[in-house]
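In what follows, a single structure is set out as structure tokens and then discussed.
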Amino acid sequence: MSHNVRITLHPSFDVLAATTAARLITRLLDVQSERGEASVVLTGGSVGIATLKALAESPARLAVDWAKVNIWFGDERFVPADSADRNAGQAAGALLDHIDVDPARVHFMAASDAVEDLDAAVADYTAQLAAAAQQEWENDDDDRSESAPALPRFDVLLLGLGPDAHIASLFPEMSGIRSRGVPVVGVVNSPKPPASRVSLTLEAINTAQEIWIVAAGADKAAAVGLGLAGANPVQVPASGARGLNKTLWLIDQEAAAKVPEQLMRRDT
Ligand SMILES: O=C1O[C@H](COP(=O)(O)O)[C@@H](O)[C@H](O)[C@H]1O
């Protein structure tokens, strides 16, 4: 296991969600004190949305200047805007509707009734990312590179984990996990419904400063074990997630059941 990969064990789903929320508040505060603004990439899924709910319920949330937090999504289900399946709607209900975000800094992936087709949703998010990257590059006096990167800075990128080890909407053996040279892909025939989705690619995910993989429950144990053991990312997408500075696996006891003993290290 690489030196910047850490596993942190939690006794239960609820404790995992609460401590991940607290950890996120602290990280956003630290980044804001260094740079003025911070950015986070949200995930859907069970722990991801429970974490946002815990964050909304924490009094400490008020310490963050939410108007200066850039919010992105790692993936989205390509369904109508009012569908309960949308990660965006779930994130709004859990957190975004309860904090003072700047709407211009909240970057949703397009709903299926807002664009012509899946390709248009991919193009739209690619353009949103590029525009933010261009803006950051223009504002950064230290960056002397000749052209802006395709992606803005991601300070923390949250990833849920499927029982099949999928992250975002990158599923084992499908074209999305093999994509190279693009930041966003469309997914059709997703093995987990809904079938059509939009996702950041592994290359885009791995530009994040810190990646936090959150997983709870016995049904995630095999995926966690294989992901940490360094399996091929095409078969085990979670295995390929690596933050530039840090990769945290934030898991509960049940999800940790198949992690080899020598990889465990409690550092909460
Ligand atoms: O469909 C998705 O699933 C994963 C994991 O969800 P979980 O409910 O099994 O925790 C999630 O990370 C992803 O964002 C979502 O679109």
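Nothing in this text is a laboratory measurement; each read-out follows from the coordinates by a stated rule. Remember, it's a predicted structure, so these values are computed and weren't measured experimentally. Because the Cβ atoms are built from the backbone with ideal geometry, glycine has one as well, and the counts that use them run over all protein chains shown.
Within straight-line reach of Lys258, meaning a Cα separation under 21 Å, sit the following lysines at least 8 residues removed in sequence or on another chain: Lys220.
I'd like the GluC sites (Glu not before Pro) in region 60-144 restricted to DSSP loop residues with at most 14 other Cβ atoms within 10 Å, sorted by number.
Filter output for region 60-144: Glu116.
Of all aspartates and glutamates in the structure, those lying under 19 Å Cα to Cα from Lys246, and not within fewer than 8 positions of it along the same chain, are Asp30, Glu34, Asp155, Glu203, Glu210, Asp267. Return the percentage of antiparallel bridges among DSSP beta bridges fully within region 5-263, rounded to the nearest 5 %. About 25 percent, rounded to the nearest 5.
If you build the convex hull over the alpha carbons only and average its shadow over all orientations, what do you get for the chain? Give it in nm² to one decimal.
Numbers: hull surface 53.7 nm².
Mean orientational projected area (the chain, Cα hull): 13.4 nm².
Between region 96-112 and region 11-71, the alpha-carbon centres lie 15 Å apart. With the simple model of a label 7 Å out from the Cα in the direction of the Cβ, Ala104 to Val15 spans 4.4 nm.
Please give the contour-minus-distance gain from Ala218 to Ala123: 0.36 nm per residue of separation, less the Cα-Cα distance, rounded to one decimal in nm.
Computed gain between Ala218 and Ala123 is 30.5 nm.
Summarising the overall dimensions of region 139-238 from its C-alpha atoms, the Rg and Dmax are 15.0, 49 angstrom.
Just want to confirm a number: the relative contact order over the chain, from Cα pairs under 8 angstrom separated by 6+ residues, in percent. Each step should come with its number before you reach the end.
Details: 579 pairs, mean separation 63.7, N = 268.
Worked out over the chain, it gives 24 percent.
Divided by 2.2 N^0.38 Å, where N counts the residues, the Cα radius of gyration of region 1-74 comes to 1.15.
Give me the percent relative contact order of region 53-167, please, defined on Cα pairs under 8 angstrom at least 6 residues apart. Could you put the intermediate results ahead of the total?
Working: 112 pairs, mean separation 24.8, N = 115.
RCO, region 53-167: 22 percent.
Over the residues of the chain, the helix contribution to mean residue ellipticity at 222 nm works out to -9500 deg cm²/dmol, using -39500 (n - 2.57) for each DSSP H run of at least 4.
Each label point was placed 7 Å from the Cα along the Cα-to-Cβ direction; for Asp113 and Lys192 their separation is 2.5 nm. Available extension along the chain between Ser83 and Ala67 is 3.1 nm, counting 0.36 nm per residue and deducting the alpha carbon span. With each label modelled as a point 7 angstrom along the Cα→C-beta vector, the Ser33-Asn232 pair spans 4.6 nm. Subtracting the Cα-Cα distance of Arg178 and Ala257 from their residue separation scaled by 0.36 nm leaves 25.6 nm. Paramagnetic label reach from Asp141 (point 7 Å along Cα→Cβ; backbone nitrogen cut-off under 20 Å): within region 24-47, residues 32-38.
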